[in-house]
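Novice: The structure is given below, and queries will be raised subsequently.
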Amino acid sequence: MREATAKWAKRLDLKPLLDHTPQGISGGQKQRVAMAGVLIDESNILLFDEPLASLDPASGKASIELIDHLSRQQGLTVIIIEHRLEDVLQRPIDRLVVLQNGEIVGNDKPAAILRDSLMQQLGLREPLYLTAIQLAGIQLADCKAIDSVSTVTGENIEPALKKWTAGVTLQQSPLPTEPLVEIKDVSFGYHPDHPVIDHLNLTIHRGDMLSLVGRNGTGKSTLSNLITGFLTPDAGTMTLNGTDLAGLSVKERADHIGYILQDPNQMISKAMIYDEVASGLRLRDLSDDEVTKRLDATLKVCGLYEFRHWPISALSFGQKKRVTIASILVLNPEMIILDEPTAGQDLRHYTEMMNFLEQVNHEQHVTIMLITHDMHLMLEYTQRAIVLDHGGVLMDARPEDVLTNEGVIDKASLAKTSLFTLAERYHLPSALDFVAKFVQTEREERAHE
């Protein structure tokens, strides 16, 4: 048993974690531990349900490569249930099965299903490089080997991409500049000799829509827990609107900063929607009239007013997520932190959730910070990306700048977007320019839907 444990710990880079408790490691590290627990049995059939959830992009890529290697080396049958199709397609897969309402509506080689645009018709996410090729006016029917950005070819792809890029004018709006949360020289460690946050400096602005990214275990959730008061810094200062957060309790901070966990079931404590969203207001001794007024307004903003007397058990995962956001939003926070807000959701629910958060950010000027491993989300919905590495800020820039910086990508275990690879393969003058224009076009189209 010890030999098998050592073997799989080495293969999944878990040796440094063997002496840790499950409670002391990050969500992504737990995911790798769970995968090792399955692989150690060396079964002939392996079923993976969302194996990439909570994994940083580099770990996700390594996991797919490992699964592919094992299946071919040992002749295993592997079934992967996953929404992140583009990440799975980093390695060749034999068959893509698409389900809708409990029925199989697609069962073919990936290229055949992608060429028929079945993914889009069903409201599922197609790989970004295929979206870009079609934006340039190329029909997928005229392309070959479309199931990988490394192999897709077509006669006119290069001139079409160059023409499309030249025809789009970048119009970047200015980023917010008014400080809301200021973090100065903050350090924290769960063990004295191993700081997770190490002399970190960061300013979060009022109205920011930003993503917090980095490798598993680099301190993203720890930083959020320091801001919200669940953890106390070993050194340094944090202020909110110039007020030292050290003087505010968790409850007092919650009046200004909301924290929404990845799994809504871990936050919900009431049986009915109305009672759940009202619970925070009732704890603050507000009058019944004020509670009703604020509650009704928030439920309408969140699209939950018609369901206000429903039991929470009748809601979908995405609707429960809205309930947890409503329960925070009703307190009129200045900032909301969300941990993996779209994990495990299909494109329709993903888009609904992110459009709603954009609306909250734009119309109510609430600062939104997303802790995420989803590079698509970072590109499409946030205007600023904070990259953490070894307890500090490695890069603070626009998402397209981050994901076209190969040094940062490697160091922070991120992943080059397929748009960047497409631009390189077809010799576009600037991969950064191409990615930025694609993101702008996607946002403009979304705004007009």
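Novice: Look through L170, L202 and report the one residue that is among the hydrophobic types (A, V, I, L, M, F, W, C) and modelled with pLDDT of 95 or more.
Specialist: Only one candidate qualifies: L202.
Novice: I need the strands (runs of 3 or more DSSP E) fully contained in the range 45-111, keeping only those with at least 3 residues that are more than 20 Å from E126 (Cβ to Cβ).
Specialist: 45-49, 77-81
Novice: Is it the case, given these coordinates, that V393 is in the same structural domain as V186 (by TED's automatic domain parsing) and surrounded by 21 or more Cβ atoms within 10 Å (Cβ to Cβ)?
Specialist: When the stated conditions are applied, V393 does not pass them.
Novice: Residue under question is L114, and the condition is that it be touching a residue at least 24 places away in the same chain (Cβ under 8 Å) and either over 28 Å from M35 (Cα atoms) or not small (G, A, S) (or both); does it hold?
Specialist: For L114, the condition - touching a residue at least 24 places away in the same chain (Cβ under 8 Å) and either over 28 Å from M35 (Cα atoms) or not small (G, A, S) (or both) - is met.
Novice: So, G303, is that one over 27 Å from L223 (Cα atoms), modelled with pLDDT under 90 and not hydrophobic (A, V, I, L, M, F, W, C) or not?
Specialist: Yes; evaluated as a whole, the condition is true for this residue.
Novice: Here is a further query. Could you check how many residues of the range 297-349 are of a type outside the set (D, E, K, R), more than 23 Å from V366 (Cα to Cα) and without any contact (Cβ under 8 Å) to a residue 40 or more places away in the chain?
Specialist: The number of residues fulfilling the criteria is 5.
Novice: For Y274, only one of the following conditions fails: (1) over 28 Å from E400 (Cα atoms); (2) under 28 Å from the mean Cα position of the chain (by Cα). What is its number?
Specialist: (2)
Novice: Any idea which residue in the range 299-328 is nearest to the chain's Cα centre (by Cα), counting only those that are farther than 26 Å from G123 by Cβ and crowded, with 18+ Cβ neighbours inside 10 Å?
Specialist: I328
Novice: List the residue pairs whose Cβ atoms are under 9 Å apart, where the first residue sits in the range 67-81 and is hydroxyl-bearing (S, T, Y), the second is part of a helix (DSSP H, G or I), and the two are 6 or more positions apart or on different chains.
Specialist: As it stands, the answer is T77/S71, since those pairs meet every condition given.
Novice: Just to verify a result, which residue in the range 285-327, among those that are hydroxyl-bearing (S, T, Y) and assigned to a helix (DSSP H, G or I), is nearest to L261 (Cα to Cα)?
Specialist: T324
Novice: Hey, among Q171, Q100, Q90, which residue is touching a residue at least 12 places away in the same chain (Cβ under 8 Å) and outside the structural domain of L46 (by TED's automatic domain parsing)?
Specialist: The match here is Q171.
Novice: Mind checking whether some residue in the range 139-156 is touching a residue at least 12 places away in the same chain (Cβ under 8 Å), outside the structural domain of E363 (by TED's automatic domain parsing) and in contact with a Gly (Cβ under 7 Å, 6 or more places away or on another chain)?
Specialist: Checked against the condition, which is being touching a residue at least 12 places away in the same chain (Cβ under 8 Å), outside the structural domain of E363 (by TED's automatic domain parsing) and in contact with a Gly (Cβ under 7 Å, 6 or more places away or on another chain), the range 139-156 yields at least one hit.
Novice: Is there a residue in the range 241-249 that is touching a Leu at 6+ places or on another chain (Cβ under 8 Å) and modelled with pLDDT under 90?
Specialist: Within the range 241-249, none of the residues are touching a Leu at 6+ places or on another chain (Cβ under 8 Å) and modelled with pLDDT under 90.
Novice: Still on this structure, I have one more. S150 - would you say it is among the small types (G, A, S), within 25 Å of the chain's Cα centre (by Cα) and closer than 27 Å to S430 by Cα?
Specialist: Yes, satisfied.
Novice: When you look at S221, is it hydroxyl-bearing (S, T, Y), out of contact with any Leu (no Cβ under 8 Å at 6 or more places or on another chain) and outside any loop (DSSP other than H, G, I, E, B), yes or no?
Specialist: When the stated conditions are applied, S221 passes them.
Novice: Something else: Quick one: in the range 114-123, of everything that is crowded, with 18+ Cβ neighbours inside 10 Å and among the aliphatic types (A, V, I, L, M), which residue is farthest from V435 (Cα to Cα)?
Specialist: L118
Novice: Within the range 22-33, which residues are at pLDDT 80 or above and loosely packed, with under 15 Cβ neighbours inside 10 Å?
Specialist: none
Novice: When you go through A36, A53, A9 one by one, which is the residue that is of a type outside the set (F, W, Y), at pLDDT below 75 and either more than 15 Å from G217 (Cβ to Cβ) or in contact with a strand residue (DSSP E or B) (Cβ under 8 Å, 6 or more places away or on another chain) (or both)?
Specialist: Just one listed residue meets the conditions, A53.
Novice: State the number of residues belonging to the range 230-264 that are over 20 Å from T203 (Cβ atoms), charged (D, E, K, R) and not in a loop (DSSP other than H, G, I, E, B).
Specialist: 2
Novice: Might you check whether a residue that is under 25 Å from E82 (Cα atoms) and either among the hydroxyl-bearing types (S, T, Y) or crowded, with 23+ Cβ neighbours inside 10 Å (or both) occurs anywhere in the range 348-363?
Specialist: yes
The values are calculated or read from the model by the stated rules, or taken from the named source; none is laboratory data. Fair warning: this is a prediction, and the values are worked out from it, not measured in the lab. In this analysis, Cβ positions are derived from the backbone assuming ideal geometry, glycine residues included, and neighbour counts consider all displayed protein chains.
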